[in-house]
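Structure record follows, encoded as structure tokens.
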Amino acid sequence: MINRKLYLYIAMIFTMISFGISWPTAKIVGGYANPQDLLAWRFFFALIAMAIFMKIASIPFEFPVKSIKYIIFTSAMIVIYNYNYLKGTQVGMASLGGVIVPTTSPIITFLLGLLLYKKKLLPKEALGLILGFFGVLLLVRFWEIDAIGIINSGNIFFIFAALSWSCATIATQKSQSTYHPINFSFWLYAFSMFMTIPFLSIDSILLPFYYDSIFWINFLIISVVVLGFGNTAYFLSAMKLGSGKASSFMFIVPFSAVLSSSLLLGEIIAVTTIAGGLLTLIAVILINK
């Protein structure tokens, strides 16, 4: 049991690092096309990668009938998350999204858990929520918020991404799937892909194949590495460790996102981003300690 948990922890660390790198790579991808033109293709390539892995590992493609309602709901949340993730990085700063989403999502997940499981709020958890609240205010620079500014900054998309990711995390834990987690993820992405196909226009169906190698390198990173394998490791941890502990690993993402955004995009990190990120990180630690 200890070894199994250790493997999960190691997998989660590498997964969170890849999540951080995915923010600047998503911004590079967003320079080529709008999110709705890329979502179906992203799920398609993730699905192909997982199908190959399942075949090699002899993991059955059995349809998870018992978890179908959770798969449908989680798929919808994953689609919403991916749209906001791509749209937010397209119009805003990748490093900011890489701080806002992974630090606010565990707090939202905790609040949803309180409501769903009717847990009592401990003093340290209450302090964590207060710190998290002020951290989020700093991250979104609340004193500058207006209808146009919050859209142009990408903040509104990042907040929606955090909320939808939290809902997906809770639903994954509640499913308590008796099927293999990779099988669960395979069908999750299959449903997600079919949900996004209607948003493809006739003109954009083959659009990605006209792009250069820079696009494809970054697109395959966010599709195969992050979505295909990274998210699967995350959902596996949510099933095995619980949504609270799994989401707490996301405090690794901001550092990876900030560093990679600085290196790949030359983004300058604002003091408020650092201060807000630190407050929310402390909040996550207090909540999950």
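Overview of results
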item: Greater than 32 Å apart at Cα, pairs in LYS55/LYS118; LYS87/LYS120; LYS5/LYS66; LYS124/LYS240; result: LYS55/LYS118; LYS87/LYS120
item: Sulfur and carbon atoms: percent of accessible area, the chain [1.4 Å]; result: 74
item: Most mobile of SER262, SER105, SER192 in a GNM of the chain (Cα contacts under 10 Å); result: SER262
item: Cα-centred dipole magnitude for the chain, charges only on beta-carbon of K, R (+1) and D, E (-1), debye, nearest 20; result: 1200
item: Around ALA94: net Lys/Arg minus Asp/Glu count, Cβ-Cβ under 15 Å; result: +1
item: Residue among TYR7, SER260, LEU279 farthest towards the positive dipole end of the chain, charges placed on Cβ; result: TYR7
item: Ranked order, PHE186, PHE194 - accessible area, probe 1.4 Å, largest first; result: PHE194, PHE186
item: Top positive-direction residue, dipole computed over the chain with Cβ charges, set PHE158, TRP216, ILE59; result: ILE59
item: Whole-Å distance, taken between Cα centres, linking segment 21-68 and segment 188-236; result: 5
item: R0 of 22 Å, Cβ-Cβ distance LEU111-PHE63: FRET efficiency to nearest 0.05; result: 0.10
item: Distance between modelled label sites at SER204 and PHE53, nm, 7 Å Cα→Cβ extension; result: 2.7
item: Probe 1.4 Å, accessible area per residue of segment 14-65, Å²; result: 42
item: Among LEU265, LEU39, LEU122, residue whose mean-square fluctuation peaks in a GNM of the chain (springs only between Cα atoms under 10 Å); result: LEU122
item: Segment 1-106 - convex hull of alpha carbons, volume per residue in Å³; result: 147
item: Loop trypsin sites (Lys or Arg not before Pro), segment 74-124 (other Cβ atoms within 10 Å of the site Cβ: 16 or fewer; DSSP); result: LYS118, LYS119, LYS120
item: Three-way shape call for segment 166-235 based on the alpha-carbon gyration tensor, with the a/c threshold at 1.5; result: prolate
item: Alpha-carbon Rg/Rh ratio, for the chain, with Rh computed the Kirkwood way; result: 0.95
item: Charge dipole of the chain about the Cα centre (unit charges at C-beta), most positive-ward option of MET195, TYR117, LEU139; result: TYR117
item: Calculated from backbone phi, Karplus (6.51, -1.76, 1.60) coupling profile of segment 23-28 in Hz, x at Gly/Pro; result: 5, x, 5, 5, 5, 4
item: Top of GLY113, GLY266, GLY276 by mean-square fluctuation, Gaussian network on the chain, Cα under 10 Å; result: GLY266
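The values are calculated or read from the model by the stated rules, or taken from the named source; none is laboratory data. Since the model is a prediction, treat every value here as computed from it, not as a measurement. All Cβ positions, even for glycine, are placed from backbone atoms using ideal geometry, and neighbour counts span all protein chains on display. To get the accessible areas, we keep the full protein, side chains included, count just its heavy atoms, and leave off ligands, DNA and RNA. Shrake-Rupley method; radii C 1.70, N 1.55, O 1.52, S 1.80 Å.
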